[in-house]
1. Within region 95-112, which residues are under 11 Å from the mean Cα position of the chain (by Cα), outside any strand (DSSP E or B) and at pLDDT 90 or above?
2. Could you go through region 42-55 and let me know if any residue there is outside any loop (DSSP other than H, G, I, E, B), more than 30 Å from Lys9 (Cβ to Cβ) and either near the ligand (Cβ under 10 Å from one of its atoms) or among the β-branched types (Val, Ile, Thr) (or both).
3. Suppose we filter Asp46, Asp66, Asp54 for residues that are among the acidic types (Asp, Glu), surrounded by fewer than 16 Cβ atoms within 10 Å (Cβ to Cβ) and modelled with pLDDT of 95 or more; which single one remains?
4. Within region 19-27, does at least one residue satisfy the condition of being surrounded by fewer than 13 Cβ atoms within 10 Å (Cβ to Cβ) and under 29 Å from Asp66 (Cα atoms)?
5. Is there a residue in region 90-101 that is touching a Ser or Thr at 6+ places or on another chain (Cβ under 6 Å), more than 16 Å from the ligand (Cβ to nearest atom) and not small (Gly, Ala, Ser)?
6. Could you run through region 57-83 and say how many residues are within 19 Å of Arg100 (Cα to Cα) and within 12 Å of the ligand (Cβ to nearest atom)?
7. Just to be sure before I move on: is Ala41 crowded, with 17+ Cβ neighbours inside 10 Å and more than 15 Å from the chain's Cα centre (by Cα) in the structure I sent?
Amino acid sequence: MSAYPGPLKNLLDELKRLPGVGAKSAERYAFFLLKDEKADALRLADAVRAIKEDLTPCPECGLVTDEPPCAVCRDPKRDRGIVLVVEQPKDVYALEALGRYRGVYFVLLGTVRLLDGVDERQLDLKPLERRLRSGEVREVVLGLTAELEGDQTALHLAQWLRPFGVAITRLARGLGPGQRLADAPRSSLEDALLERRPIAPG
Ligand SMILES: [Zn+2]
């Protein structure tokens with residue numbers, strides 16, 4: 001039987017759900033919070049609550065924001081003629097940290113899991129379709145993880161995009177197989193962005 005009182009055990013269990021946090025780290029964080037000032041510890045609780053309650057997907061690109069449309073879509077200096085399709089919000093943050101990309105984004109929120117038998121219809125492409133139908137898009141860049149699943153998604157998207165008559169490219173060399181965009185070194189990301197290559201119509 002655990003000697004921890006219920007609330008402490010609950011906190012330990014919740015902390016252990018976080019990636020990379022094992023029993024030892026969970027104890028370290030929990031005991032820190034236990035002896036922390038109440039107001040300081042509750043700021044953490046409030047911050048967690050706020051990302052779940054105050055953030056919504058941007059109706060135009062899917063990036064999380066507390067003020068839709070998001071800062072990128074609101075920025076009049078961004079080039080709406082180029083749409084970079086990425087899997088996750090954190091890919092956008094990695095690219096924005098580079099400061100080299102001036103187009104807009106579309107966040108897929110997960111790749112099509114064709115191999116798991118999950119259908120591509122689960123992707124909500126409507127906001128992207130609206131953007132394409134507006135006629136201002138010249139190029140769609142696919143910035144998906146270069147692994148099998150990402151490739152399937154890229155293929156599906158390329159097919160879906162063809163009738164719109166825009167240039168379809170993908171991020172080029174620099175990103176190794178299976179490498180997540182957000183985890184790529186800065187220089188690789190820059191190369192991949194600058195040397196994008198067209199996807200041949202198939
Ligand atoms: Zn947006």
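1. To start, the set of residues in region 95-112 that are under 11 Å from the mean Cα position of the chain (by Cα) comprises 95, 105-111.
Add one more test, that the residue is outside any strand (DSSP E or B), and what stays is 95, 108-111.
Of everything in region 95-112, just one residue is under 11 Å from the mean Cα position of the chain (by Cα), outside any strand (DSSP E or B) and at pLDDT 90 or above, namely Leu95.
2. Scanning region 42-55, I find no residue that is outside any loop (DSSP other than H, G, I, E, B), more than 30 Å from Lys9 (Cβ to Cβ) and either near the ligand (Cβ under 10 Å from one of its atoms) or among the β-branched types (Val, Ile, Thr) (or both), so the answer is no.
3. Working: Asp66 fails: modelled with pLDDT of 95 or more; Asp54 fails: modelled with pLDDT of 95 or more.
After applying the criteria, what remains is Asp46.
4. yes
5. Filtering region 90-101 down to residues touching a Ser or Thr at 6+ places or on another chain (Cβ under 6 Å) leaves none.
No, because not a single residue in region 90-101 is touching a Ser or Thr at 6+ places or on another chain (Cβ under 6 Å), more than 16 Å from the ligand (Cβ to nearest atom) and not small (Gly, Ala, Ser).
6. Number satisfying all stated conditions: 11.
7. Details: crowded, with 17+ Cβ neighbours inside 10 Å: no; more than 15 Å from the chain's Cα centre (by Cα): yes.
So Ala41 fails the test.
The values are calculated or read from the model by the stated rules, or taken from the named source; none is laboratory data. Keep in mind that what you see is a predicted model, and the values were worked out from it rather than measured. Ideal geometry is used to build each Cβ from the backbone, glycine not excepted, and the neighbour counts take in all protein chains shown.
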